[in-house]
Amino acid sequence: MSLRTGRATLAIGLLFLGIGAGAAKAQTTTGTLRGNITDETGGVLPGATLEAKNDDTGFTRNATTAGNGFFNISVQPGPYTVTATLPSFRTETRKVR
């Protein structure tokens, strides 16, 4: 998914979502949001800031993309809104369930 501006596009590519719907008692359940941030040509964008906000609880986790544009965020189960920002690019938001 990408949004275009006059000069640049920021895209969030969610590669893997391992968020369970529920947890058994006495177990800790976590998931991972992983992906790449790229521009409209597929070039990676290091240094993009990501925020993953749990839509049910308001809990947020933040990350910054690595030199290869990759990010990895550990989260608790639930629906999330993931927002990516980078100067000179339009902010990109995705809902993840």
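If we keep just the residues of region 52-83 that are on the phi > 0 side of the Ramachandran plot and in contact (Cβ under 8 Å) with a residue 24 or more places away in the chain, which is surrounded by the fewest Cβ atoms within 10 Å (Cβ to Cβ)? Among residues in region 52-83 that are on the phi > 0 side of the Ramachandran plot and in contact (Cβ under 8 Å) with a residue 24 or more places away in the chain, the one surrounded by the fewest Cβ atoms within 10 Å (Cβ to Cβ) is GLY78. If I filter region 40-51 down to residues being within 10 Å of the chain's Cα centre (by Cα) and open to solvent by 60 Å² or more (accessible area, probe 1.4 Å), which single residue comes out as farthest from THR30 (Cα to Cα)? Within region 40-51, the match that is farthest from THR30 (Cα to Cα) is THR49.
Within region 71-89, the set of residues being within 16 Å of GLY42 (Cα to Cα) and over 10 Å from the mean Cα position of the chain (by Cα) comprises LEU86, PHE89.
When you check LYS53 against the structure, is it modelled with pLDDT of 85 or more and more than 12 Å from THR85 (Cα to Cα), yes or no? Against the criterion (modelled with pLDDT of 85 or more and more than 12 Å from THR85 (Cα to Cα)), LYS53 qualifies.
The values are calculated or read from the model by the stated rules, or taken from the named source; none is laboratory data. These numbers were taken from a predicted model, which means no experiment stands behind them. FYI the Cβ positions are ideal-geometry reconstructions off the backbone, even for glycines, and counts take in every protein chain you see. Each accessible area value is taken on the protein alone, full model and side chains, heavy atoms only, with ligands, DNA and RNA left out. Shrake-Rupley method; radii C 1.70, N 1.55, O 1.52, S 1.80 Å.
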